[in-house]
Amino acid sequence: MIELIVKGGLSYLLGSIVGSLAVAHLIGAVDIRTLGSGNAGATNALRTLGKKVAVLLIDLAKGWIATGVVAAWVMPAGVMAAAAELAPWRAPVCGIAVMLGHVYPLWYGFRGGKGVATLLGAVLGINAWLLLPMILTWLAAVIVFGYVGLASILGAISLPVAVALTRSGTPLLTFGILSTLLILYTHRSNLARMRAGTESRARRLWLFGTRRGHA
């Protein structure tokens, strides 16, 4: 149990390094949360800083490091290792912790991003094949509906579905469910705007938006 607590804590601190806020600090820009949508995510970074790739790489990398490196780290002598039955929970605990760090970053007043890129990085560190249904679902949703937020939610939902279908075990299923609930929570404003009809669409990817553009 001590091992899980330590690794979870380290993953949370790692997650607190939010890509958009770190890049903004390095280039001397103002706090991105005061610009555009007010979100510390890659999309708002592109709109306001033009640094989407750098932000994505940072947020993806920390998710992968948490589940692929921190979770597998052999603890120093003297630190109680997790019991055999708890070992499969290492990566799921680190994955949820790094996402919580991104959404509620210690270094930035607990106001971070929505966690999608960090989730993708965490899944990459656990099992890269699980990314396939997430990416395909995201692409299909954004092409059909045009909403990036909705596509992100549906992509997250496909994770626990894929884990359940492949019978990958309770720890990964729990990770999939909790991460999906967190993504739903962080996208609650997007859902509210969709209900109100004020959410913007990605017209370059939206199938019907393309047709309208050629009409």
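The values are calculated or read from the model by the stated rules, or taken from the named source; none is laboratory data. This one's a predicted model, so the numbers in the text were calculated from it and none came from an experiment. Neighbour counts are summed over all protein chains in view; Cβ atoms, including those assigned to glycine, are modelled from backbone coordinates with ideal geometry. Ligands, DNA and RNA are stripped out before the accessible areas are found, and what is left, the full protein with its side chains, is counted by its heavy atoms. Shrake-Rupley method; radii C 1.70, N 1.55, O 1.52, S 1.80 Å.
So here's what we get for this one:
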{"read-out": "Selection within the stretch 132-187 - within 17 Å of Ala97 (Cα to Cα), among the β-branched types (Val, Ile, Thr) and under 13 Å from the mean Cα position of the chain (by Cα)", "value": "Thr180, Ile183, Thr186"}
{"read-out": "Residue in the stretch 192-206 that is surrounded by 16 or more Cβ atoms within 10 Å (Cβ to Cβ) and assigned to a helix (DSSP H, G or I) present", "value": "yes"}
{"read-out": "Restricting the stretch 148-172 to residues that are closer than 30 Å to Gly197 by Cα and among the β-branched types (Val, Ile, Thr), the residue that is least open to solvent (accessible area, probe 1.4 Å)", "value": "Ile153"}
{"read-out": "Unique match (being over 14 Å from Ala117 (Cα atoms) and either open to solvent by 20 Å² or more (accessible area, probe 1.4 Å) or of a type in the set (Ser, Thr, Tyr) (or both)) among Phe145, Phe175", "value": "Phe145"}
{"read-out": "Conditions (1) under 23 Å from Ala61 (Cα atoms); (2) among the polar types (S, T, N, Q); (3) not in a helix (DSSP H, G or I): number failed by Thr180", "value": "(3)"}
